Amino acid sequence: MQHIILDCDPGHDDAMAILLAVGNPDIDLIGVTTVGGNQSLDKVTYNARSVLEMAHAADIPVHAGCDRPLLRPLEVAASIHGESGLDGVALPEPTRPLDAGHAVNWIIDTIMNSEPGTITLVPTGPLTNIAIAARMEPRIVERVKEVVLMGGGVHVGNWSPVAEFNIKTDPEAARMVFREPWPLTMVGLDLTHQALCTPQVQSRIDAIGTELSAFASGLMDFFRASYRNDEDFVDPPVHDPCTIAYLIDPDVMTMRRCPLDVETADGPALGMTVADLRGSEPSAQDCHTQVALKLDFDRFWNMIIDAITRIG
Ligand code: PIR
Ligand code: CA
């Protein structure tokens with residue numbers, strides 16, 4: 001059983017990550033924290049609560065975190081996710097009130113009050129909350145089991161030629177998180193651009209035939225339209241649940257261990273994740289970071305469809 005904290009900014013694909021985490025029996029989603037990213041903090045926090053409501057998981061706590069990057073103004077991804085952050089579907093009113101207390105405090109308290117090596121952090125938005133948590137309570141770094149994040153890319157960008165949105169939105173926070181010595185897995189665009197919701201995949205989601213499957217399919221319809229209009233993709237890549245899929249079954253992807261760092265200088269490479277792929281692959285003892293490169297497409301979508309089916 002993997003005990004995880006999902007730090008997210010829903011977001012169509014963040015919503016799919018929530019569904020996979022809730023619906024998979026090997027994942028214990030102990031809490032959701034939110035960060036300003038795809039949309040404003042208020043909007044993504046409402047969306048997280050609403051998606052949990054939709055997934056019959058309103059018992060899971062939600063804590064709101066930082067509303068903007070460390071040094072830069074927040075630039076949201078409304079061109080992709082719409083004005084609400086989850087455009088294209090009707091969102092149920094959350095029954096559970098938003099939990100009191102800042103996400104960063106909750107993350108720290110949760111990790112410090114758990115056995116060392118038992119909690120995995122899964123960031124699927126800008127890394128602001130995680131960076132602040134590591135500064136505020138440095139002892140979390142050795143207590144966290146691992147960080148498995150969606151962000152970056154070795155060979156491709158989506159928010160600039162070389163930078164991915166989550167990293168480019170808060171590059172200073174990303175640099176802090178990448179440079180802490182915890183085991184870190186970067187599930188970036190190299191991997192997530194293979195997680196395409198094809199029409200065949202979507203018809204399998206539709207065939208589940210529940211209110212939740214219709215909700216997920218509605219998310220995918222809007223995401224497909226955004227990616228066709230804005231990104232010249234035929235089918236949308238469903239980035240964020242790839243992190244959860246890796247935790248469920250690491251064999252769903254091929255990894256390459258290598259040093260990773262983040263460019264923070266203003267200019268054309270701002271927010272780029274730089275991978276040192278020279279020479280032979282280092283050992284986990286010598287190198288705490290790895291990057292995901294190749295996805296087992298069928299295994300991945302089977303997990304998602306199984307999770308949506310289980311939730312009912
Ligand atoms: C941002 C995202 C997705 C697509 C674009 N074009 C921009 C969001 C997703 O929620 C995901 O976490 C990450 N940021 C992918 O860049
Ligand atoms: Ca996201």
By the DSSP-based rule, helices of the chain that are at least 15 Å long along the axis (C-alpha) and have a mean Kyte score of at least 0.0 are 12-23, 297-311
Under the helix-only model (-39500 (n - 2.57) for each DSSP H run of 4 or more, divided by the residues of the chain), the mean residue ellipticity at 222 nm, to 500 deg cm²/dmol, is -11500 deg cm²/dmol
For E211, the accessible surface traced by a 1.4 Å probe with all protein chains present amounts, in square angstrom to the nearest 10, to 140
So, relative contact order of the stretch 1-150 in percent, Cα under 8 Å, 6 or more apart, is 27
Inverse of <1/r> over all distinct C-alpha pairs of the stretch 2-311, i.e. the Kirkwood Rh in Å, gives 18.9
Here the relative contact order (percent) of the chain, from C-alpha pairs under 8 Å and at least 6 apart, is 21
Quick shape check on the stretch 128-253: root eigenvalues a ≥ b ≥ c of the Cα gyration tensor, a/c under 1.5 is rounded, otherwise prolate if a/b tops b/c, else oblate, and it reads prolate
For the stretch 199-312, Rg(Cα) over 2.2 N^0.38 Å is 1.34
Taking only protein heavy atoms and a 1.4 Å probe, the highest-to-lowest accessible-area order of K145, K294 is K294, K145
The chain: antiparallel bridges as % of DSSP beta bridges, rounded to 5, reads 30
For A265 and A58, extending 7 Å from Cα along the Cα-Cβ vector and measuring point to point gives, in nm, a value of 5.3
Sorting I167, S213, V89 by the position of each Cα along the dipole of the stretch 2-311 (Lys, Arg +1; Asp, Glu -1; all at Cβ), the one nearest the positive end of that ordering is I167
If the chain between T95 and E115 were fully extended at 0.36 nm per residue, the gain over the current Cα-Cα distance would be 4.1 nm
Heavy-atom accessible area of T210, protein chains in place, probe 1.4 angstrom, given in Å² to nearest 10, is 40
Under a 1.4 Å probe, counting only protein heavy atoms, L91 has an accessible area in Å², nearest 10, of 50
Residue span E83 to D251: 0.36 nm per residue of separation minus Cα-Cα distance leaves a gain in nm of 56.8 nm
Placing +1 on each Lys and Arg Cβ and -1 on each Asp and Glu Cβ in the stretch 2-311, then taking the dipole about the Cα centre, the residue among V141, N24, I244 whose Cα reaches farthest towards the positive end is V141
In debye to the nearest 20, the charge dipole size for the stretch 2-311, taken about the Cα centre with +1 at each Lys and Arg Cβ and -1 at each Asp and Glu Cβ, equals 340
If the chain between E75 and E211 were fully extended at 0.36 nm per residue, the gain over the current Cα-Cα distance would be 45.7 nm
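The values are calculated or read from the model by the stated rules, or taken from the named source; none is laboratory data. Since the model is a prediction, treat every value here as computed from it, not as a measurement. Reconstructed Cβ throughout: ideal geometry from the backbone, glycine too, with neighbour counts over all protein chains shown. These accessible areas exclude ligands, DNA and RNA; they are computed on the full protein's heavy atoms, side chains included. Shrake-Rupley method; radii C 1.70, N 1.55, O 1.52, S 1.80 Å.
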